[in-house]
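Reviewing the structure listed below.
Since every read-out is calculated from the coordinates, none of them should be taken as a lab result. Model, not experiment: these values are computed from the prediction. Methodologically, a virtual Cβ is constructed for each residue, glycine included, from the backbone with ideal geometry; neighbour enumeration extends over all protein chains shown.
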Amino acid sequence: MCVKKTASVSDKSVHYPGKKKKDESIHRFAALLRNPGRAGGMTNLLMVTRMSFAMFLVVILLLGVTLWSAASNNISIVDPEYDRITVAYLEDYNIKGTIFDRNGETVAKTVVENGNKYREYRYIESIAHLMGSTYGQRAVESYFYTDLIGYRRENINSGYGDNVHLTVDVEMQNAIYQLLGDIDTGGVIVTDAKTGEVLTMISLPTYDFTLPSADANALYQNGEFVNNCMASLTPGSVGKLITACILAENNFNPSIYDGGKAEFGENIAPVSNYEGNAYADLQMQGAIKESSNVWFSTAAWQFCNLGGSFSTGEFVRGMAKLGFNEVIITQLGEITQSHQISTSDPNELVQSSFGQGKMLVSPLYMNILTSAIVTDGTMHTPWFVSKTENRRGKLISQTVPQELPYVVSPNACTLVREGMLRAGRDEYGFIYNGLEGEVYAKTGTAEITGTRNNKFITCSFPASDPQYTFTVFDIDGPGMSYDLKPTAQAIINVITEYMTPAISED
């Protein structure tokens, strides 16, 4: 049986005293939407009038919110709209923030004289690539430009930008810079081995980054003054550490006879040690110490032929676990590490296995890898800025150590550390704090031409509890990596002097 429902919305409204007139208005408004010309007796003119009034109320409300927001953020209503404020306006109006080093020493500040502003720097030559020009250069003044000029709402009318605190010790950086007189193109990167905190970054050649922006930018664009610490380079024998990590992760550490030369068959270039040196039977630890091209190329070749046919699959996967063909993003830009090893090109595997071929890494990456090897296998993102603060010392942002998704296996840490310890002690004789055998080390020479080479030394110390890692390098220079040994020892001494806490006499 069908029952007809006779109650209407108007009928129900009697249960809610005082709401009938409002409900009738809603019905008329709904009817108007269905038939704008006739609904409920309302005319189009009446509807337009009411809607205009409603829109007016919305505008008044939004204006009130805007004024309240501006007041709460110290933005004057006579200023340009916040979203349309230009950096030129802030550069002109605000005093740029100060840059401090890790010890609170002033590295850069803005000086005002007779109504004119200029930037004053400490140790211009040694900090050039760390500070950089405002434009072009990958450095603090450009990457933290908006912080320094005050591009935050509460800074708009303060007259000041935020201050930036570096992880770098500017005095130690300048002292190390004085040791690099024999290097024309190259540099040094020093980090905290356990966190990735950058303590020194020097790139050569240096330049006067206080030049007008257009001139400094032109130098950068010409490629003359790039930051070589972050440049992609052929690593030479420090690249053997990469191969060692891959093989050790797979528990592959064969005993190989090194007669000074290795051959791999037709269409694959033979490999020889430097000056044809032969080292007899070697395993990985001894091969690192002796820097045996024969052992590393032969071991990589055997590893890629374990299944009975040549395949670089596991080797390439091992490189990926170390961050190869990936981008690492830092506070001062990106670094990349790449290879071109394919199954169809065994020559490239053989050459890259001992740091030649088309493998490319940055000195900063080698520093990251070295730190991981000598600690717990964790690779950290390198960082240059510890925090930003406003001029009253209020913390705005703070950097914390960040682990990368790339790791060195425990077995690799054990084996490679042993090889680097032997190299640092027996081959190079490095001394830390008066003690031999306290420095992990590996050298590398990548042949560029017959007489010009890329030379590297990467070290970490003290071996008992690694605190500091540094990588010093000389690009396209004469001689071999061993020639950098005196410079490396001097760097160890300077780091020890500046980073060892003063002993109290109490």
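Before moving on, here are some points about what is shown:
- Start at zero, step by 5 Å, and the Cα-Cα distances of the stretch 362-506 spread as 2, 9, 16, 18, 17, 15, 11, 6, 4, 2, 1, 0 percent across the bins.
- The orientation-averaged projected area of the convex hull spanned by the Cα atoms of the stretch 311-388 comes to 5.9 nm².
- When each of K321/K455; K289/K442; K358/K455 is checked by Cα-Cα distance, pairs over 18 Å: K321/K455
- Sum of side-chain charges, D281 neighbourhood, beta-carbon under 14 Å (Lys, Arg +1; Asp, Glu -1): -1
- Positive minus negative residues near P466 (Lys, Arg vs Asp, Glu; Cβ under 15 Å): -2
- Packing order of peptides 99-105, 187-193, highest average first: 187-193, 99-105 (average count of other Cβ atoms within 10 Å over each peptide's residues).
- The Cα center of the stretch 270-316 and the Cα center of the stretch 378-457 differ in position by 24 Å.
- The packing ranking, built from the mean of other Cβ atoms within 10 Å per residue, places the peptides 248-257, 302-311, 486-495 in the order 486-495, 248-257, 302-311, highest first.
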